[in-house]
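In what follows, a single structure is set out as structure tokens and then discussed.
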Amino acid sequence: VGVQAVGCSINHSSASMLSEALIGKTADEIGQLAEIFRNMMTGADPSPDEAAGMVDLPNLSGVRQYPVRIKCALLSWSALEDALSEYRSVFPQTREHSNFRLQEGANRTQFKISCHTLLPFRSLSSI
């Protein structure tokens, strides 16, 4: 998983934690994790089971106290969701691709997430 983040420290931290949390997960598990993280950032605390699968991500829940900074934490996740959507459109849900897991150092297709805080407003408003 490659992350190129240009932005504030919250953006960098979230992107870094995201890349660590994805290792060993399938595309469906990654989608679920993204949904749990988004829900956490918008006010819903994850269940203990969900939090256990989030590695260090629950540490970012304090960002909720600063509503203007929530977008900083969610930016890389929005890029991830776009990458997942593109991945699913290129690789239909076949048995081979539904079992695909991101592995550290693997020579498989990798998600490369580019997060820039100067994205078009249209992209930021969907966060």
Give the residue, chosen from ASP45, ASP82, that is of a type in the set (Asp, Glu), surrounded by 11 or more Cβ atoms within 10 Å (Cβ to Cβ) and under 14 Å from the mean Cα position of the chain (by Cα).
-> ASP82
Listed residues ASP49, ASP28; which is touching a residue at least 40 places away in the same chain (Cβ under 8 Å) and of a type in the set (Asp, Glu)?
-> ASP28
Out of curiosity, is ASP28 part of a helix (DSSP H, G or I) and in contact with a Ser or Thr (Cβ under 9 Å, 6 or more places away or on another chain)?
-> yes
Looking at region 64-77, is at least one residue in a loop (DSSP other than H, G, I, E, B), open to solvent by 70 Å² or more (accessible area, probe 1.4 Å) and either under 18 Å from VAL3 (Cβ atoms) or at pLDDT 90 or above (or both)?
-> yes
With SER19, SER13 as the choices, which residue is on the phi < 0 side of the Ramachandran plot, assigned to a helix (DSSP H, G or I) and either open to solvent by 30 Å² or more (accessible area, probe 1.4 Å) or modelled with pLDDT of 90 or more (or both)?
-> SER13
Failed condition for GLN4, given (1) buried (at least 21 other Cβ atoms within 10 Å of the Cβ); (2) more than 14 Å from GLU81 (Cβ to Cβ) | (1)
Boolean, SER125 is over 15 Å from VAL3 (Cβ atoms) and either among the acidic types (Asp, Glu) or modelled with pLDDT of 55 or more (or both) | no
Inspect region 51-62 for any residue being surrounded by 13 or more Cβ atoms within 10 Å (Cβ to Cβ) and more than 24 Å from CYS8 (Cα to Cα) and give the result as yes or no.
-> yes
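The values are calculated or read from the model by the stated rules, or taken from the named source; none is laboratory data. All figures in this text were calculated on a predicted structure; none of them were measured in a lab. Reconstructed Cβ throughout: ideal geometry from the backbone, glycine too, with neighbour counts over all protein chains shown. All accessible areas refer to the heavy atoms of the entire protein, side chains included, with ligands and DNA or RNA removed. Shrake-Rupley method; radii C 1.70, N 1.55, O 1.52, S 1.80 Å.
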